[in-house]
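Right, one structure below, let's go through it.
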Amino acid sequence: MAGALIQTTDLVKEYLVGEQTVSALRGVSVSIRENEFVAVMGPSGSGKSTFMNLIGCLDSPTRGEYVLAGERISSLSGDALAAIRNKRIGFVFQQFNLLPRTTALDNVELPLLYGGVPAAERHERAKRRLIEVGLAERMDHNPAQLSGGQQQRVAIARALINDPVLILADEPTGALDSRTSLEVMALLQKLNRDGMTVVIVTHEQDIATFAQRNIHFLDGRVVEDHPVRNVSDAEALLHQARTPETVT
Amino acid sequence: MDLLATLRIALRALKVNKLRSILTMLGIIIGVGAVITMIAVGGGAQARVEEQIKSLGSNLMIVIPGSTTSGGVRLGGSSAQTLTEDDAWAITREVHEVQVSAPSNRGSGQLIAGNNNWSTVVQGVTPEFLEVREWPIVSGRGFEPQEVSGAGKVALVGQTIVRELFGGADPVDQQIRIRKVPFTVIGVLDKKGQSMMGQDQDDVVLVPLTTARNRLFGNPQGKLRRVGVISVKVRDGQNMKDAEGKIRDLLRQRHKLQPGADDDFSIRNLAEILQAQEASSKVLTLLLAAVASVSLLVGGIGIMNIMLVSVTERTREIGLRMAVGARAGDILKQFLVEAVTLSLIGGLLGITLGLAGSLAIGQFAGWRTSLSPESIVLAVGFAAAIGIFFGFYPARKASRLSPIEALRYE
Ligand SMILES: Nc1ncnc2c1ncn2[C@@H]1O[C@H](COP(=O)(O)OP(=O)(O)O)[C@@H](O)[C@H]1O
Ligand SMILES: [Mg+2]
């Protein structure tokens, strides 16, 4: 399919656990266009995270093909994969995965460190991103001094720092309350409106409605793939919540 | 990733576990300290021997009466006085390699100056003796020819005598009695220090050979003018062995020894003995350094141990760094820099310990130590090398993790 940013063909991932082979993915063919907002859904253990890790170049498939922006990923070396993770993909984890005892600023700078960006430019760009995600006041705070929502926003700022073409978020709201979940989703929707391709994993139906397309996994296979009829607007919902008088 | 940023990350990681880092460094600190101290001790011993060689004169040989051992058995009659003053003059005259040779006699005697008395070594010598031993006079003058031929009652004294008998005051022109015979002190000898046998070479009084023979030690050898020792100085650049052979041939001929008969004298090449000592003190230095290096090695193993623990503890961090674009090489570098930082800081502290250690040994044990900049450079280089060597395996282990496995690590 022309114009596809992500194109997987019969992706298979098997894990060897002791003497047993566990099939996490049993042939997944998915195509995602640029500037799509996709929510991957399915019960626990259905292979969602495995799929995300593969398209995020964090892991390689047992079999099958993966083409990202026209590049065959399966044939690339470890260093080339590292460069892709660094420059083209921003990954947001459920558990935030920030470096402990390290300021928000240093955490956001991390990808630039490995991209060979000089120190002054690193600070400058990281500051701008933190201001964008609304953490101008928290740059010198350690993760331990930040709330869950703030930590996740630091993680998103870090994912955005290198202007990637693709944001991948594995259950980004899984560890957040509904209010901060809305904030994070509003941020992701804004990024998507500005042209970013976003793929998230979620098992919550209401979170999935913020995406334009839902892909359902079951037992390592795609069982459903449909567009979302009425895409919710997280920003509007947030606004409502802030001014409860207008709701009633 | 640039080295400065890597170094900052390493320092931060080391600061997180301060006590652990310090304990790990302790191995390197002690190791480097021990290496530096031991090399200083060995170097001190070496320097002492070297100084002795210098004080002895580098081209000195001595000839003494009696044969040395033959097949391990000292032959009878060896104590016979077989060397004469003329043997000494003949050596100077006929052996081309010899610059000068000096006959001397040696005895002991009681010295009295004023109310003080002192037992010392009395040597009867000729002016050549001072030339052979490269022994300058620091105050007063040497023997005049007529004092030597006329058995003058004049004496040169060593530094120990000046201290013990004259309380450090200049003794020139003072009267002393040697074996109850009155002498005038005409000069003071320069300080020579200890001989290689540990004797105080400055505890000596020199008188003309004729005076010693005629006035102090009686005249048992009559007209033959026998002497106890002939000291020989070989010309610079001449082969000591050649000179030794020629002296042997000359003396055998002069003593009319039949071919096959044992020598009735023996020749000692003192410089050679000292050089052997020097070589053995070098071996000692090496041995001490090697033993000390073992503790450095143990320190290195400590670093490896802690780095392995650190890699395991920080598996998730490694996974995260890889997820945001760190290459395997970046991770390898990070842990390697951390290990080298650990060992280098340890090395620098170890230098301080080594300096303090060698000072303390010099102070309290009274051993001479000699610090060499090379040993410091060597020890620190060694410490860095140990950091790289023992840090490499843990660092490589970290760099080979797969990002997703590392991230999932509990
Ligand atoms: N590293 C692994 N080793 C063994 N089995 C794994 C591993 N990762 C995932 N699996 C298995 O693969 C299946 C899919 O896992 P995952 O993709 O994490 O599911 P989801 O994210 O949808 O909950 C599960 O059965 C899980 O147990
Ligand atoms: Mg999952």
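The values are calculated or read from the model by the stated rules, or taken from the named source; none is laboratory data. Just so you know, these numbers come straight off a predicted model, no measurement behind them. All Cβ positions, even for glycine, are placed from backbone atoms using ideal geometry, and neighbour counts span all protein chains on display. Note: accessible area is taken over every heavy atom of the protein model, side chains too, but ligands, DNA and RNA are not part of it. Shrake-Rupley method; radii C 1.70, N 1.55, O 1.52, S 1.80 Å.
Observations
- Prolate/oblate/rounded label for the range B:212-315 (Cα gyration tensor, a/c 1.5): prolate
- Across the range A:209-230, no residue has a backbone nitrogen under 13 Å from the label position 7 Å along the beta-carbon direction of A:Q20.
- D by Stokes-Einstein for chain B, Kirkwood Rh over Cα pairs, 25 °C, 0.890 mPa s: 93 µm²/s.
- Gain upon complete extension [B:R93, B:Q363; 0.36 nm per residue less C-alpha separation]: 92.2 nm
- Structure-based [θ]222 nm, chain A - -39500 (n - 2.57) summed over DSSP H runs of at least 4, per residue, nearest 500: -10500 deg cm²/dmol
- Separation of the B:K18 and A:A69 label points, Cα + 7 Å toward Cβ, nm: 4.5 nm
- The residues of the range A:66-96 occluded by other protein chains by 20 Å² or more of accessible area, set against the chain on its own, are A:D79, A:A82, A:R85, A:F93; surface from heavy atoms, 1.4 Å probe.
- Anisotropy class of the range A:42-154 from Cα gyration tensor, a/c 1.5 cut: oblate
- Across all directions, the shadow cast by the convex hull of the protein assembly as shown built on its C-alpha atoms averages 48.4 square nanometres.
- Measuring nothing but how far apart in sequence close Cα pairs (under 8 Å, 6+ apart) lie, relative to its length, the range B:81-263 scores a relative contact order of 32 percent.
- Protein accessible surface hidden between B and A, which excludes ligands and nucleic acids, total in Å², probe 1.4 Å: 2000 Å²
- With contacts taken as Cα pairs under 8 Å and at least 6 residues apart, chain B reaches a relative contact order of 30 percent.
- For the range B:191-273, a crude dipole built from +1 on the beta carbon of Lys and Arg and -1 on the beta carbon of Asp and Glu, taken about the Cα centre, is about 500 debye to the nearest 20.
- Percent of Cα-Cα distances greater than 19 Å, calculated over the range B:81-263: 59 percent
- Amide N of the range A:192-223 lying under 12 Å from the label point, which is placed 7 angstrom from the Cα of A:A241 along Cα→Cβ: A:207
- Legend: mean number of C-beta atoms from other chains within 10 angstrom of residue C-beta atoms, peptide B:314-320, equals 3.
- Rg over Rh [alpha-carbon atoms, Kirkwood Rh] for the range B:1-58: 1.41
- Probe 1.4 Å, accessible area per residue of chain B, Å²: 47 Å²
- Computed over the range A:61-115, Kirkwood Rh from alpha-carbon pairs, angstrom: 13.3 Å
- Membrane-span-like helices of chain B, defined as complete DSSP H segments with a Cα extent of 18 Å or more along the helix axis and a mean Kyte hydropathy of at least 0.5, are identified as B:3-16, B:18-56, B:270-313, B:328-360, B:373-399.
- Of A:R229, A:R63, A:R85, the one that fluctuates the most in a GNM where chain A has Cα springs shorter than 10 Å: A:R229
- For the range B:333-410, the extents of the C-alpha atoms along the principal axes are 62, 24, 13 Å, listed from largest to smallest.
- Within a Gaussian network of chain A (alpha carbon springs, distance under 10 Å), most fluctuating of A:T62, A:T197, A:T21: A:T21
- Overall Cα dimensions of chain A - principal axes, largest extent first, Å: 52, 49, 40
- Modelled label positions at B:R235 and B:L348, each set 7 Å beyond Cα in the direction of Cβ, lie 5.8 nm from each other.
- Remark: the protein assembly as shown carries a charge dipole of roughly 1540 debye about the Cα centre, counting +1 on each Lys and Arg Cβ and -1 on each Asp and Glu Cβ.
- Our summary gives chain A a relative contact order of 26 percent, counting only alpha carbon pairs under 8 angstrom and 6 or more residues apart.
- Cα-based shape type of the range A:132-248, given that a ≥ b ≥ c are square roots of the gyration tensor eigenvalues and the cut on a/c is 1.5: oblate
- Selected from A:A24, A:N162, A:L98, residue furthest toward positive end of dipole (chain A; charges at beta carbon): A:N162
- With Cα atoms as the point set, the range A:1-71 shows a radius of gyration and Dmax of 12.7, 42 Å.
- Efficiency of FRET between A:V12 and B:R408 - r from beta-carbon atoms, R0 22 angstrom, step 0.05: 0.65
- MRE, 222 nm, helices only [DSSP H, n ≥ 4, -39500 (n - 2.57), over chain B, to nearest 500]: -18000 deg cm²/dmol
- For the options A:A83, A:A236, A:A104, a Gaussian network treatment of chain A with springs between C-alpha atoms closer than 10 Å singles out A:A236 as fluctuating the most.
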